Amino acid sequence: MTTTRAPALWLAGALLAAVASVVLAVTIGPTDLGAADVWRTVVDHAGLSGALGTEPLARLQDATIWQLRMPRVLTAAAVGAGLAVCGVVMQSLTRNPLADPYLLGLSSGASLGAVLVLVVGITALLPVAAFVGAVAALVGALALAGSMGAITPTRTVLAGLAISQLAAAATSFVIFWSATGDSYRSILSWLMGSVAGATWTSVAIAGGAVLVLGTLLASTGSILDAFTFGDTAAATLGIPVQRTRWTLLIGVALLTGALVSVSGSIGFVGLVLPHAVRMATGARHRLLLPLSALLGASFLVWADTAARTVFAPRELPVGIVTAAIGAPVFALLLWRGRRAPRGLG
Amino acid sequence: MSAPSTDRRARGAGAARGADALDRSGAAQPGAGLAVERVRWSVDGTLIVDGVDCTAPPGAVTGLLGPNGSGKSSLLRLVAGVTRPDDGTVRLGGTDLVSMARRPRARVVAFVEQDSSTDLPLTALDAVLLGRIPHRSLLAGDGADDLRLAQDALARVGMAAFAGRDLGSLSGGERQRVHMARALVQEPRLLLLDEPTNHLDIAAQLATMDLVRTLAADGVTVLAALHDLNLAAGACDHVVMLSGGRVVAAGPVEQVLVPDVVEAVYGVRCEVLRHPRTGRPVLVLG
């Protein structure tokens, strides 16, 4: 009958795929390791080697897994999941299929905040600065959209583009004015989006943000459903429209700030993943939200694995890989949707 | 506006309010149905709705008529609770709708907008299930009851065979029926319709109004903004004529849709004939 009647199956499959992706991605790299090695490392660090009778790995292998690959893969998973959830929530609240944290200027705002503190050298404040930048960009975009009249999908995306360009120009200016040599290169790779420098602190920031904010946002399925036919329909279904919109968008800005602070701005995950999932399962958010999160995690884990292995020993910023995959996929989605009677307006 | 005011008598006389429930509404009790009193609403200092008093009896279809810009849609949005009046009361069966919390209000009032569209891929059944949101916890999914009610509602509007179809693939009339089903599963006591026949071909217009009449026959209070005077003459029990944000006439169709009122409001001459088969008034314009 409808396409949304087997949610448990979808979720179980996606969860399995996400776990398998993390384990497999950790085994891939110049040092040859297997899934069993990953298991032994995790058991060892959980202090259970004695209890379960497994041998800890040699120190070098252990460090490769525990200090390098594990934090990186887990950060990628958390960032992918978080970006996908942000994309779903923004697309639904602005009723704009093009909305994602990247396009509406949130990522650019977060980047501006982060680059400012990087240049000044107070890296400890990076997550805070990224969050403040994201919120400022969100408020700027929505205020600009609102100043043109009612906040419509088209106005939102135009305002977001304006804010995004402004923040990007300011970021370029800051880099041009103050960055030199090495810091220039590291800022650039960070601006394109990368989880190469991920540590357990990154895992804690991104993972914590996704567990707390992502879970809260992912539980708003019915509320987002109510927005399907617009603000008036949502209001007549008993939703306090303005308060809900601002609360959820600030939640998205917080989450985006946290994600951008560890990974830079990675585009297309928040844009393409929700569209692809919707095509498979329909637009009901109760399934769309968690499923997008799980598939977003797998997607970014594999995109990052490609980024560090395809041109090894050179590494690409993962943002280039997501754009290289995301842009054609998005074009394909647009092409498949060309028969839809209504446009973006 | 110097048009005759045939229905100001209910004003201030609380007991008489329900007595406007005229023909075809034997079940009406005093105080039941919708009562709008002194409702005023302005945007940036411009009065859009200027002290409206009107009633809509239960179990009957009340048409809200008037030219473009007369305040029909604004009044519906005020009654639906989408916007808040600056002044005045909106009561349903004695309960004040303005001060009511949103979710309880969404369980008694349903509103079908003029243009409801979405770019999302959504089946007809999923669209109807949205109407259950006010009735269940925001954390819960669709229960078996919700699913059954949604399927019943689709059957009720003659769309049972379309449950799995994508909304975008339906015709305007079919989509309108789905939106009606979505309003039905809200189990409303008051159903508000904003130009429900807009953009529909004549067969779909008549079918939609027939559906509205059967819903009213079940005891739902229906208030529908309509553009087409003849459609209103054929399908409404009671009409409220708005002009410039004020009620200029209200009452049974035969009393309001008369040449004097139509000319005063629209500036158009008309003759009122009788439908040879139904006996309902038919307006010949010009």
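The values are calculated or read from the model by the stated rules, or taken from the named source; none is laboratory data. Everything numeric here is computed off the predicted structure, so don't read it as measured data. No Cβ is skipped: glycine too gets one built from the backbone with ideal geometry, and neighbour counts run over all protein chains shown.
Any residue at all in the stretch A:137-154 that is within 26 Å of A:Tyr184 (Cα to Cα) and out of contact with any Cys (no Cβ under 8 Å at 6 or more places or on another chain)? Yes, because at least one residue in the stretch A:137-154 is within 26 Å of A:Tyr184 (Cα to Cα) and out of contact with any Cys (no Cβ under 8 Å at 6 or more places or on another chain). State all residues of the stretch B:113-133 that are over 10 Å from B:Arg182 (Cα atoms) and either at the interface with chain A (Cβ under 7 Å from one of its Cβ atoms) or over 21 Å from the mean Cα position of the chain (by Cα) (or both); if no residue qualifies, say none. B:Glu113, B:Ser116, B:Ser117, B:Thr118, B:Asp119, B:Leu120, B:Pro121, B:Leu122, B:Thr123, B:Ile133 - these are the residues of the stretch B:113-133 that are over 10 Å from B:Arg182 (Cα atoms) and either at the interface with chain A (Cβ under 7 Å from one of its Cβ atoms) or over 21 Å from the mean Cα position of the chain (by Cα) (or both).
Annotation: of all residues in the stretch A:295-331 being among the charged types (D, E, K, R) and outside any helix (DSSP H, G or I), the one that is farthest from the chain's Cα centre (by Cα) is A:Arg314. Restricting A:Ser261, A:Ser265 to residues that are assigned to a helix (DSSP H, G or I) and of a type in the set (Ser, Thr, Tyr) narrows the list to A:Ser261.
Only one of the listed residues (B:Gln29, B:Gln114) is outside the structural domain of B:Val248 (by TED's automatic domain parsing), at pLDDT below 95 and either within 22 Å of B:Cys236 (Cβ to Cβ) or of a type in the set (A, V, I, L, M) (or both). That residue is B:Gln114.
Given the condition closer than 28 Å to B:Leu170 by Cβ, part of a helix (DSSP H, G or I) and touching a residue at least 24 places away in the same chain (Cβ under 8 Å), answer yes or no: does some residue in the stretch B:233-253 qualify? Yes, because at least one residue in the stretch B:233-253 is closer than 28 Å to B:Leu170 by Cβ, part of a helix (DSSP H, G or I) and touching a residue at least 24 places away in the same chain (Cβ under 8 Å). Quick check, is B:Thr214 surrounded by 17 or more Cβ atoms within 10 Å (Cβ to Cβ), of a type in the set (Val, Ile, Thr) and either over 17 Å from A:Ala226 (Cβ atoms) or in the same structural domain as B:Lys72 (by TED's automatic domain parsing) (or both)? In short, no.
Taking the listed residues B:Gly267, B:Gly234, B:Gly219, the one that is crowded, with 16+ Cβ neighbours inside 10 Å, out of contact with any strand residue (DSSP E or B) (no Cβ under 6 Å at 6 or more places or on another chain) and of a type in the set (Gly, Ala, Ser) is B:Gly234, with no other qualifying.
Among the conditions (1) in a loop (DSSP other than H, G, I, E, B); (2) under 21 Å from A:Phe131 (Cβ atoms); (3) within 14 Å of chain B (Cβ to nearest Cβ), the only one that A:Leu217 does not satisfy is (1). Taken over the stretch B:74-106, residues that are within 15 Å of B:Val222 (Cα to Cα), charged (D, E, K, R) and within 9 Å of chain A (Cβ to nearest Cβ) amount to 1. Total residues in the stretch B:198-233 satisfying the condition of being polar (S, T, N, Q) and farther than 24 Å from B:Glu271 by Cα: the figure is 4. Against the list (1) in contact (Cβ under 8 Å) with a residue 12 or more places away in the chain; (2) touching a Lys or Arg at 6+ places or on another chain (Cβ under 9 Å), the condition A:Gly267 fails is (2).
For the stretch A:123-130, the criterion of a residue being under 18 Å from A:Asn96 (Cβ atoms), in contact (Cβ under 8 Å) with a residue 60 or more places away in the chain and either among the hydroxyl-bearing types (Ser, Thr, Tyr) or buried (at least 20 other Cβ atoms within 10 Å of the Cβ) (or both) is satisfied by no position. Scanning the stretch A:236-283 for residues that are touching a Gly at 6+ places or on another chain (Cβ under 8 Å) and within 27 Å of B:Thr83 (Cα to Cα) yields A:Thr236, A:Leu237. When restricted to residues that are assigned to a helix (DSSP H, G or I) and either surrounded by fewer than 18 Cβ atoms within 10 Å (Cβ to Cβ) or more than 7 Å from chain B (Cβ to nearest Cβ) (or both), the stretch A:220-231 contains 3.
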